[in-house]
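The values are calculated or read from the model by the stated rules, or taken from the named source; none is laboratory data. Here the structure is a predicted model, which means the values were calculated and not measured. With ideal geometry, Cβ positions are generated from the backbone for all residues, glycine too; neighbour counts draw on all protein chains shown. Quick note on the areas: whole protein, heavy atoms, side chains included, nothing else; ligands and nucleic acids left out. Shrake-Rupley method; radii C 1.70, N 1.55, O 1.52, S 1.80 Å.
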Amino acid sequence: ITDDESPSIACEGAMTQTADLNSCDASVAVIAPTTSDNTGVASITNDYNNTADATDTYPVGTTTILWTVEDIHGNAATCTQDIVITDTENPSITAAAAQTQT
């Protein structure tokens, strides 16, 4: 008897967050995908930090995470999830001191 049925994996939708104050990135608590298999899930990993938990610091812009689930017989499936970090903080400027010239 062989198991040639791939596990199932369903990624959460895109997660959008603003950058942390005075920073070009944000700490994001990422929601992991839902997985299942007829014989048992062996592992789930992501390609951002190579763990089962993609919670991490993400740069401004869009980062696409590739999630992979593998069952106990080596069958695998993947899905992707976007983490979108926006920069809404205005830049600051300080005028130079008055200058006098003759």
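Things to note:
- Extreme residue, nearest to residue 21 (Cα to Cα), among residues of region 85-102 that are open to solvent by less than 100 Å² (accessible area, probe 1.4 Å) and among the small types (Gly, Ala, Ser): 95
- Residue that is surrounded by 13 or more Cβ atoms within 10 Å (Cβ to Cβ), under 16 Å from residue 10 (Cβ atoms) and either modelled with pLDDT under 95 or among the small types (Gly, Ala, Ser) (or both), where the choices are 42, 54: 54
- Any hit, region 86-100, residues being touching a Phe, Trp or Tyr at 6+ places or on another chain (Cβ under 7 Å), assigned to a strand (DSSP E or B) and more than 30 Å from residue 1 (Cα to Cα): no
- Within region 67-84, restricting attention to residues that are in a loop (DSSP other than H, G, I, E, B) and in contact with a Ser or Thr (Cβ under 9 Å, 6 or more places away or on another chain), the residue that is surrounded by the fewest Cβ atoms within 10 Å (Cβ to Cβ) is 72.
- Inter-residue pairs, beta-carbon under 8 Å, first farther than 18 Å from residue 81 by Cα and in region 6-27, second among the β-branched types (Val, Ile, Thr) and part of a loop (DSSP other than H, G, I, E, B), 6+ apart: 19/60; 19/88; 24/60
- Within region 9-66, tally of residues that are among the small types (Gly, Ala, Ser), more than 25 Å from residue 77 (Cα to Cα) and outside any loop (DSSP other than H, G, I, E, B): 3
- Residues that are aliphatic (A, V, I, L, M) and open to solvent by 40 Å² or more (accessible area, probe 1.4 Å) within region 57-66 comprise 60, 66, listed in sequence order.
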